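Here's the structure, in structure tokens; my notes come after.
The values are calculated or read from the model by the stated rules, or taken from the named source; none is laboratory data. Quick caveat: nothing in here was measured; it's all calculated off a predicted structure. Glycine also receives a Cβ, built like all others from the backbone with ideal geometry; neighbour counts cover every protein chain displayed.
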């Protein structure tokens with residue numbers, strides 16, 4: 001998501017809707033600027049389906065463009081593989097160009113800058129909060145048809161970026177080699193020598209950022225000051241337990257990274273192929289976060305970009321996030337409407353007793369502190 005691989009992108013999220021909401025079970029050529037078969041529709045300026053006329057008009061405009069450029073979407077991340085394949089099946093007229101699945105949120109923005117004006121530029125982004133907040137001038141505002149179902153605290157008011165799926169920071173571990181850690185301090189013991197991995201540098205990588213956040217609140221600190229979390233990882237380094245290896249499906253399968261800080265839905269994804277892989281969400285205070293969707297203001301396929309957003313926030317795809325073990329942003333509204341997959345919702349891990357998510361200010365301050373102190377703490 002150091003990477004910095006997609007698996008460790010900045011993923012603090014805007015905020016959770018409420019603790020209860022999260023714990024409900026507790027490249028082709030670029031089209032012309034209009035992006036539509038109708039020259040009177042400026043797809044790049046559209047802020048909702050109404051600007052196209054009807055949803056069918058949006059679909060027609062996207063099909064006329066014929067391509068969608070996505071970036072940083074690993075197929076084993078929160079069920080993105082099935083989601084991408086469903087879009088391709090639903091819209092065979094639109095070719096999905098999947099670029100650089102393992103780059104970071106920051107690198108997504110860099111790719112947009114590098115390819116600005118070219119038909120290879122990303123049309124859409126999937127980002128963590130810190131990078132999203134730093135790059136709002138890169139995004140085009142857009143409100144999907146299901147906008148009202150998305151909690152206010154999980155969306156930028158004009159639709160520049162919007163939370164979509166999330167989960168809890170957790171510990172995944174190889175149970176054939178290690179006992180389950182009961183609390184954070186267990187990871188400091190000699191039993192975990194050279195075994196504990198986070199994904200990259202938390203100044204740039206989100207699961208790593210969240211790992212420090214979790215360590216902070218599990219050390220009786222608050223999200224107003226990440227210093228306790230930095231101190232924990234400094235101790236982990238001094239104990240010889242911090243493993244500086246980027247975590248991937250391959251490193252987990254090979255045993256190279258046997259104990260991993262990661263989002264619960266990502267750690268859980270390894271259990272299917274690794275019978276000994278177990279996942280722990282510590283008791284007490286949990287750290288949660290959402291990833292955010294955004295449209296590139298300079299998208300070479302602006303109608304397809306907007307159709308992709310509508311697709312991601314549909315009932316069908318919100319349930320596919322759930323199938324991937326993540327908590328969809330519309331979960332509360334869909335539960336009330338009876339459109340949530342109840343079996344998948346019931347299968348989610350039990351929520352921590354208390355859930356915290358950094359505010360915009362806390363996230364920014366934590367990033368500044370990490371920039372000043374992280375490298376020295378773990379060198």
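Key figures
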| item | result |
| --- | --- |
| Among residues of segment 314-346, those that are under 23 Å from residue 52 (Cα atoms) and touching a strand residue (DSSP E or B) at 6+ places or on another chain (Cβ under 7 Å), counted | 0 |
| Residue check for residue 208: outside any loop (DSSP other than H, G, I, E, B), at pLDDT below 95, crowded, with 24+ Cβ neighbours inside 10 Å and out of contact with any strand residue (DSSP E or B) (no Cβ under 6 Å at 6 or more places or on another chain) | yes |
| Qualifying residue in segment 156-166 (condition: modelled with pLDDT of 95 or more, assigned to a loop (DSSP other than H, G, I, E, B), under 30 Å from residue 365 (Cα atoms) and out of contact with any strand residue (DSSP E or B) (no Cβ under 9 Å at 6 or more places or on another chain)) | yes |
| Tally, over segment 168-198, of residues that are surrounded by 19 or more Cβ atoms within 10 Å (Cβ to Cβ), out of contact with any helix residue (DSSP H, G or I) (no Cβ under 8 Å at 6 or more places or on another chain) and in a loop (DSSP other than H, G, I, E, B) | 1 |
| Selection from segment 306-350 of residues that are within 14 Å of residue 265 (Cα to Cα) and assigned to a loop (DSSP other than H, G, I, E, B) | 324, 325, 326, 347, 348, 349, 350 |
| Some residue of segment 148-158 being more than 18 Å from the chain's Cα centre (by Cα), closer than 21 Å to residue 78 by Cβ and outside the structural domain of residue 207 (by TED's automatic domain parsing) | yes |
| Positions within segment 211-229 being part of a helix (DSSP H, G or I) and closer than 11 Å to residue 363 by Cβ, in sequence order | 213 |
| Residue match in segment 79-102 (condition: crowded, with 22+ Cβ neighbours inside 10 Å, over 30 Å from residue 332 (Cα atoms), touching a strand residue (DSSP E or B) at 6+ places or on another chain (Cβ under 8 Å) and in the same structural domain as residue 315 (by TED's automatic domain parsing)) | yes |
